[in-house]
Amino acid sequence: MKRIVPVLFAVLLLGSCSDDFLEKNQRNLTMLSGKALISTFDADPEIEINMGLAGSEKYHIAYYPVWMVWESMHGKFENGLTTLKFHVEKPEWQPDPDFLTGTVVLDIDRIGLVGLEVVCGNIGNIPGQTYTRITHLSGRVKDAVMHQPTGTLAIATQYPNQLLLFRPATQENFTIPLQKSPQCLDFTEDGKTLLVGNTTAEISEVSLDTRSVVREYPLDCVAFDLVAGQNGWCYLSPQGDVWNVLRSLNLQTGDVIRGGQLMMGYLCGNMILKKVPQRAQIMGTRTQVGPTGVLQVDISRGVPNDTIQYWHMDITDFWVFRDGNRFLAKSGAIYPIPPFVASVSGAVNLSEVGRVQLPQTAVGDACFTAAGNTLFVVGGNAWQYGWPQGEKNRIFMVDAGNLSILKTWEPSFSALEVNGELVLAYNQVRYVFTDSQGSRIWTLRRTAPETAPELWSIEEFEVK
């Protein structure tokens, strides 16, 4: 893919050219402004130079970085245009940097030495270029969920308030505007309806068929997190920092049922909730107290059983395996999910039954294939909104049986103009999703706050 270099000229000090080269040639060097960005996505990279005053002059490449291997060292301008063709070979002795950089100098007949800076790396969005694996999003992402059977990815954003819907298999994308500000959401079992928790004490029911809000459910609290049961109910944890109880919303009648007093000693506001596949259960962990705890709730009768299972341990966040028998904690540890026993209200801890050995600090997010034989894990520090990441994310493909790491990906950088300067911004991965077969993954990421303004995008990876 071509990289078009601006024609603007400025006489600069050599900088990235060697002093030996200048001393040997004893000639002035004129540098083209800007940089030629080269993405490792390009199998056959090219740099197109548009310099009208070069006319039909011949040139040869007089100086270049060692990682650029040229198709030809000689060329000729045609009406001021020429294309430099090459491929990239990183020297084995060179450390593995984020970017390869250097200067290319052309010795042009009757003009002299003209140079341009080049940067090569894992760059996902270069200005003026289009990559199908990167989708830019508007707004600030608050939550996202994927319905694997229909292949539908739903993203809730603020500024503007909206739902962004993507169906990658059919390349169908659409937006549903919202009147209220969303902060959590989940699909119903058939994938045709989204339940959206707002920053006000209401839940919105959104039909994907009509692409509109079809019902509003008033609550007695603001929903911090919610899950749609497979039984006509929605379960939500209240927002706040006080000891509280679950709320259960009957989607037919609109009735809201508060949990009983037996829950009060274990549940605290701002609790993360997850469904347990293959079981009529939900699980949760608290974000406001330590230890965060593990809570198991029976929903086989619709309204949750007031007696809950509780384990006094720190997990921070968790992801439930497809078989419903294990969960992955943020530390990478794997714990069993015991059968629910209503007569037991609390236990000390669960025994670790495995561990995903990540080369990074913690699990940022995880998803599973439909068959449950593979999971995809985002590795990195604990993701905190608006805080520097501290270390780069990587995405790992993990065998769900022996827990070995099968493959690794890194999020691409974004090329942005910030205050008139080129910034190659790192992207933090907040969510990872996969299709039923595990043939593709999608990461939902934002530019790191220490490098650039907040910009969100989806990056797609093919699993080979």
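The values are calculated or read from the model by the stated rules, or taken from the named source; none is laboratory data. Not measured: the values here are computed from a predicted model. Don't worry about glycine lacking a Cβ; one is built from the backbone with ideal geometry, like all the others, and counts go over all protein chains shown.
Is one or more of the residues making up region 327-341 in contact with a helix residue (DSSP H, G or I) (Cβ under 9 Å, 6 or more places away or on another chain), surrounded by fewer than 18 Cβ atoms within 10 Å (Cβ to Cβ) and either assigned to a loop (DSSP other than H, G, I, E, B) or in contact (Cβ under 8 Å) with a residue 40 or more places away in the chain (or both)?
no
Can you name the strands (runs of 3 or more DSSP E) wholly within region 199-271 that have at least 1 residues being modelled with pLDDT of 95 or more and within 32 Å of the chain's Cα centre (by Cα)?
Output list reads 202-207, 212-218, 223-228, 233-238, 247-250.
If I ask for residues that are free of Cβ contacts under 8 Å to residues at least 40 places away in the same chain, farther than 17 Å from Gly229 by Cα and buried (at least 19 other Cβ atoms within 10 Å of the Cβ), which ones from region 279-304 would you list?
Thr285, Arg286, Thr292, Gly293 - these are the residues of region 279-304 that are free of Cβ contacts under 8 Å to residues at least 40 places away in the same chain, farther than 17 Å from Gly229 by Cα and buried (at least 19 other Cβ atoms within 10 Å of the Cβ).
Run Thr307 past the list (1) crowded, with 16+ Cβ neighbours inside 10 Å; (2) not in a loop (DSSP other than H, G, I, E, B) and report the number of the one that doesn't hold.
Here Thr307 clears every test but (2).
Would region 48-55 turn up any residue that is over 14 Å from Gly115 (Cα atoms), touching a Lys or Arg at 6+ places or on another chain (Cβ under 7 Å) and at pLDDT 50 or above?
No: zero hits.
Within region 51-77, take every residue that is touching a residue at least 24 places away in the same chain (Cβ under 8 Å) and aromatic (Phe, Trp, Tyr) and give me the one that is farthest from Leu29 (Cα to Cα).
Trp67
Please count how many residues of region 409-428 are over 16 Å from His136 (Cα atoms) and not in a strand (DSSP E or B).
3
From the list Leu137, Leu153, Leu116, which residue is more than 30 Å from Pro277 (Cβ to Cβ) and out of contact with any Asp or Glu (no Cβ under 7 Å at 6 or more places or on another chain)?
Leu116
Which of the numbered conditions does Leu358 fail, given that it passes all the others? Conditions: (1) outside any loop (DSSP other than H, G, I, E, B); (2) under 16 Å from Asp399 (Cα atoms); (3) at pLDDT below 95; (4) not polar (S, T, N, Q).
Failed condition: (1).
State which residue pairs qualify: first residue outside any loop (DSSP other than H, G, I, E, B) and inside region 28-43, second residue of a type in the set (Lys, Arg) and surrounded by 21 or more Cβ atoms within 10 Å (Cβ to Cβ) in any location, beta carbons under 8 Å apart, and separation of 6 or more residues or different chains.
Close Cβ pairs (under 8 Å, with a partner that is of a type in the set (Lys, Arg) and surrounded by 21 or more Cβ atoms within 10 Å (Cβ to Cβ)) amount to Ala36/Arg3; Leu37/Arg3; Ile38/Arg3.
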